[in-house]
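The values are calculated or read from the model by the stated rules, or taken from the named source; none is laboratory data. Keep in mind that what you see is a predicted model, and the values were worked out from it rather than measured. Don't worry about glycine lacking a Cβ; one is built from the backbone with ideal geometry, like all the others, and counts go over all protein chains shown. Each accessible area value is taken on the protein alone, full model and side chains, heavy atoms only, with ligands, DNA and RNA left out. Shrake-Rupley method; radii C 1.70, N 1.55, O 1.52, S 1.80 Å.
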Amino acid sequence: QKEVEQNSGPLSVPEGAIASLNCTYSDRVSQSFFWYRQYSGKSPELIMSIYSNGDKEDGRFTAQLNKASQYVSLLIRDSQPSDSATYLCAVKGTGNTGKLIFGQGTTLQVKP
Amino acid sequence: GAVVSQHPSWVICKSGTSVKIECRSLDFQATTMFWYRQFPKQSLMLMATSNEGSKATYEQGVEKDKFLINHASLTLSTLTVTSAHPEDSSFYICSASAGGQTVYGYTFGSGTRLTVV
């Protein structure tokens, strides 16, 4: 079992729709979770971080965390073609190094 | 704030030569730096973690004698790919951490596209 799992997609949604991206993780004691967006040929950029169970909203983005189910998701409301990218879920390792463990990423395509 | 500068953005080198990639934290002190490698259509794979003033910790399967990491100051880390071969061609990305759980903790450089011919 991979430490952080995502559906590679592609996930295709029409412009204006809600895109739902999902991620599961294996280490039950993980405490810090991140969503990054990566455009082709570019480095990842942080969209959201979440540490507590529940929802965290920032503009069109909502991160949801359920530690009991070891599940974290990202909702993108009013999806735009510019949101088309690969979305990476990352979990902070529980060791002292604080390294991030990434999922394989989900490719999102928003069609006009 | 929390800017990480990575140079060069791309480099082409001949097989057998060495290439140095620099990663600088511009407005914060990076106690830890992470080096990742990403092949096309794959996710980021952590190569090594380095703390200022100490030896880097390499992930399993990463050759420490081939990928030399130096973290001599709180603002600079370098990755040197020694005796590069075509299979080392990849996108290398650094990430700097100032500790804690703030967004400052995980800022990525812009990446270096290495092509070995």
Per residue accessible area of the protein assembly as shown, 1.4 Å probe, in Å²: 48
Heavy-atom accessible area of the range A:1-80 with neighbours in place, 1.4 angstrom probe: carbon+sulfur share in percent works out to 45
B plus A alone minus the pair: what accessible area, both sides summed, probe 1.4 Å, in Å² to 100? 1500
Alpha carbon Rg of chain B, scaled by the compact-globule rule 2.2 N^0.38 Å: 1.00
Excluding ligands, DNA and RNA, the carbon-plus-sulfur percentage of the accessible area of chain B with a 1.4 Å probe reads 53
What does the net charge come to around A:V110 if you take all other residues with beta carbon closer than 13 Å to its beta carbon, with K and R at +1 and D and E at -1? +1
As a test question: what accessible area, to the nearest 10 Å², does B:H85 have when a 1.4 Å probe is rolled over all protein chains in place? 70
Express the C-alpha Rg of the range A:57-97 as a ratio against the empirical globular expectation 2.2 N^0.38 Å, rounded to two decimals. 1.46
Got a sec? Which residues of the range A:30-47 lose 20 Å² or more of accessible surface with every protein chain in place, vs. that chain alone, 1.4 Å probe? A:F34, A:Y36, A:Q38, A:G41, A:S43, A:P44, A:L46
Farthest positive-ward along the protein assembly as shown dipole, Cα basis, beta-carbon charges - from B:V3, B:Y36, A:Q64: B:Y36
Would you kindly calculate the translational diffusion coefficient of the protein assembly as shown, applying Stokes-Einstein with the Kirkwood radius from alpha carbon pairs, for 25 °C and a viscosity of 0.890 mPa s, and quote it in µm² s⁻¹ without decimals? 135
If I build a Gaussian network model for chain B, linking alpha-carbon pairs within less than 10 angstrom, which residue out of B:S25, B:S54, B:S83 has the largest mean-square fluctuation? B:S54
Simple Cβ-charge dipole of the range B:1-107, Lys/Arg +1 and Asp/Glu -1, about Cα centre, in debye nearest 20: 120
Normalised Cα Rg of the range A:1-53, dividing by 2.2 N^0.38 Å with N its residue count, works out at 1.33
On each of the three principal axes of the Cα atoms of chain A, give max minus min coordinate, whole Å, ordered largest first. 44, 30, 23
Separation in nanometres of the label points that stand 7 Å from Cα toward Cβ, at A:S20 and B:E52: 4.5
Here the residues of the range B:20-68 whose accessible area is at least 50 Å² smaller with all protein chains than in the chain alone (probe 1.4 Å) are B:S43, B:L44
Based on DSSP, what percent of beta bridges with both residues in chain A are antiparallel, to the nearest 5? 90
Are there cysteines in chain B with no other Cys C-beta under 4.7 Å, and if so, which? B:C13
Sort A:I101, B:I12, B:I21 by accessible area with a 1.4 Å probe, largest first. B:I12, A:I101, B:I21
